[in-house]
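*Asks:* Shown below is the structure under consideration.
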Amino acid sequence: MSDFIRQIPKVELHMHVEGSMLPARLLQLAEKNKVKLPYQTIEDVEQAYQFKDLSEFVDLFIKTTEVVQSAEDFKLVTEDYLKLCQQENIIHTEVFCDIRTYVDRGHPPEMVLEGINAAFDAQPADGISGGIIPCFIRHLGADIAFQDWQMLKHHKDKYLAIGLAAVEQGYPPSLFKDVFKEIHDAGIKTVAHAGEEGGPEYIWSALKDAHVSRIDHGVTCLDDDDLVDYLIEHHVPLTVCPQSNVKLNVCGHMSQHPLQELLKRGLNVSIHSDDPAHFGAFLTDNLLMIQEHCGVSDQQIYDMTINAVKASFADEQRKKNMQQQINDYAQNHTQITTA
Ligand SMILES: [Zn+2]
């Protein structure tokens with residue numbers, strides 16, 4: 001058990017808010033909103049969280065979205081997550097959520113945006129910073145993404161960037177080239193899931209067609225040396241989620257995760273939790289697991305934490321403050337070389 005990992009101030013950049021919902025909140029919201037679930041007890045839900053494959057995971061994820069039906073519900077779910085962040089010493093977090101799931105059920109996009117932002121707004125002045133990154137659901141196609149953008153463009157001050165998430169195979173970012181051009185022209189930053197189950201061509205497409213500031217996952221870049229060179233030259237951050245990769249069978253066991261190879265090549269990697277409640281591992285657990293199974297040193301943990309600060313959408317002053325906070329902590333560990 002590494003106290004260094006537990007206590008270092010952390011930054012989370014790849015976390016889907018419904019994926020942080022703990023079993024007790026799922027049951028409470030289901031009861032409140034009269035949603036029938038196939039689970040009666042916390043143990044039943046915990047059992048469901050042990051999904052065996054992607055389709056069981058998707059089923060579970062849809063159920064967690066069904067119980068959220070108001071801005072107040074979103075605020076509660078986000079507050080639960082921010083409380084966990086506080087326990088983990090996460091000082092900044094940028095959370096993913098789509099609006100489409102809720103719009104299709106008759107809820108306005110404001111429900112999602114205002115509910116999540118209300119939880120951040122309730123933080124004290126020296127509390128956790130961050131915000132929301134609404135994502136397009138890529139397997140619904142470009143027309144739906146364009147409709148989502150028509151709604152989101154009226155709320156530019158309510159989110160940090162726009163992302164692309166969900167089923168990767170068969171839905172390269174190039175399909176969304178036109179909508180991402182409009183977003184880019186409007187001065188809004190973008191991110192995209194790419195190179196998790198899809199190959200390097202999905203990462204190239206995210207860079208060239210979606211103009212992303214960060215690649216979410218990106219682990220398959222190692223299959224293309226030219227891409228690795230490009231990512232290094234342009235300092236493109238990769239938000240890597242080790243436990244998610246294991247749970248969704250991107251790699252067999254944590255000890256087979258390509259993290260050390262990514263680091264050895266000099267890529268801009270940081271570690272995140274993706275769907276922490278569903279995958280049974282919040283950010284600290286992910287860091288502890290890569291230390292145990294991938295031989296990641298405290299210095300590498302520090303370096304990746306600084307990468308996350310720099311890759312974040314926090315303003316420059318906040319980034320400076322966060323780096324200072326992390327350096328103050330790390331300097332008490334004499335073996336760490338700070339940036
Ligand atoms: Zn993700």
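*Asks:* Tell me the label-point distance for the pair GLN299, GLU110, using the 7 Å Cα-to-Cβ offset, in nm and rounded to one decimal.
*Replies:* With each label placed 7 Å out from Cα toward Cβ, I get 5.4 nm.
*Asks:* Near the amide H of GLY130, under 5 Å away, which other amide H atoms are found, from residues 5 or more places off or on another chain, if H is placed in the peptide plane?
*Replies:* Distant-sequence amide H within range of GLY130: THR93.
*Asks:* What residues have an amide H closer than 5 Å to that of ILE90, excluding those fewer than 5 places away on the same chain, when H is modeled at 1.01 Å from N in the peptide plane?
*Replies:* LYS10
*Asks:* Please work out the FRET efficiency for the pair GLN28 and ILE232, using the Cβ-Cβ distance as r and a Förster radius of 51 Å; give the result to the nearest 0.05.
*Replies:* With a Förster radius of 51 Å, E is 0.65.
*Asks:* Taking every eigenvalue of the Cα gyration tensor of the chain, multiplying by 5 and rooting it, what semi-axes result, largest first, whole Å? Don't skip to the answer; put the middle values down first.
*Replies:* On the way: eigenvalues 156, 115, 86 Å².
Taking √(5λ) for each Cα gyration eigenvalue gives 28, 24, 21 Å.
*Asks:* Once you put a point 7 Å from the Cα of GLN335 and another 7 Å from the Cα of GLU46, both along the Cβ direction, what distance in nm separates them?
*Replies:* 3.4
*Asks:* Per residue of region 137-152, in order, report the coupling 6.51 cos²θ - 1.76 cosθ + 1.60 (Karplus, θ = phi - 60°) as ³J(HN,Hα) in whole Hz, putting x for Gly and Pro.
*Replies:* Karplus values, whole Hz, x for Gly and Pro: 8, 5, 6, 8, x, 6, 5, 5, 4, 5, 4, 4, 4, 4, 7, 5.
*Asks:* Residue by residue through region 107-123, what is 3J(HN,Hα) from phi via Karplus (6.51 cos²θ - 1.76 cosθ + 1.60, θ = phi - 60°)? Round to whole Hz and write x for glycine and proline.
*Replies:* 9, x, x, 4, 4, 6, 5, 6, x, 5, 4, 4, 5, 5, 4, 7, 5
*Asks:* Using the 10 angstrom Cβ neighbour count as an exposure proxy, how do CYS251, CYS221, CYS135 rank, fewest first?
*Replies:* By the 10 Å Cβ count, ascending: CYS251, CYS135, CYS221.
*Asks:* Given the DSSP H assignment, sum -39500 (n - 2.57) over each helix run of at least 4 residues in the chain and divide by its residue total; what's the result at 222 nm in deg cm²/dmol, nearest 500?
*Replies:* -14500 deg cm²/dmol
*Asks:* Magnitude of the Cβ-charge dipole of the chain, K/R +1 and D/E -1, about the Cα centre, nearest 20 debye?
*Replies:* Values: 28 positive and 51 negative charges, 110 e Å.
Computed about the Cα centre, the dipole is about 520 debye.
*Asks:* As a quick test, which of the pairs LYS75/LYS158; LYS264/LYS319; LYS153/LYS177; LYS189/LYS320; LYS156/LYS319 have an alpha carbon distance above 23 angstrom in this structure? Intermediate values should be presented prior to the final figure.
*Replies:* Working: LYS75/LYS158 14 Å; LYS264/LYS319 25 Å; LYS153/LYS177 17 Å; LYS189/LYS320 20 Å; LYS156/LYS319 21 Å.
Correct reply: LYS264/LYS319.
*Asks:* So what J values fall out for region 23-37 if you push phi through Karplus, 6.51 cos²θ - 1.76 cosθ + 1.60 with θ = phi - 60°, rounded to Hz, Gly and Pro as x?
*Replies:* For region 23-37, the Karplus curve yields x, 5, 5, 4, 5, 5, 5, 4, 5, 4, 9, 6, 9, 7, 10 Hz.
*Asks:* Let me ask you something else. Where a ≥ b ≥ c are the square roots of the eigenvalues of the C-alpha gyration tensor, would you call region 263-318 rounded, which needs a/c under 1.5, or, failing that, prolate if a/b is larger than b/c, or oblate?
*Replies:* oblate
*Asks:* Could I ask something else about it? If you bin every alpha carbon distance in region 166-322 into 10 Å steps from zero, what whole percent lands in each bin?
*Replies:* Final binned percentages: 11, 40, 37, 12, 1.
*Asks:* Can you tell me the relative contact order of region 3-326? Whole percent, Cα pairs under 8 Å, sequence separation 6 or more. Please list the in-between numbers first.
*Replies:* Details: 552 pairs, mean separation 59.3, N = 324.
Here the relative contact order equals 18 percent.
*Asks:* Okay, next question. Under the rule of at least 5 residues apart or a separate chain, name every residue whose amide H is placed under 5 Å from the amide H of CYS135.
*Replies:* So CYS135 has HN proximity to CYS97, ASP98, ILE99, GLY163.
*Asks:* Farthest toward the dipole's positive end in region 279-339, which of ALA281, MET322, GLN300, given Cβ charges of +1 (Lys, Arg) and -1 (Asp, Glu) about the Cα centre?
*Replies:* Of ALA281, MET322, GLN300, it is MET322.
No value in this document is a laboratory result; all are computed from the given coordinates. Computed from a predicted structure; not experimentally measured. Don't worry about glycine lacking a Cβ; one is built from the backbone with ideal geometry, like all the others, and counts go over all protein chains shown.
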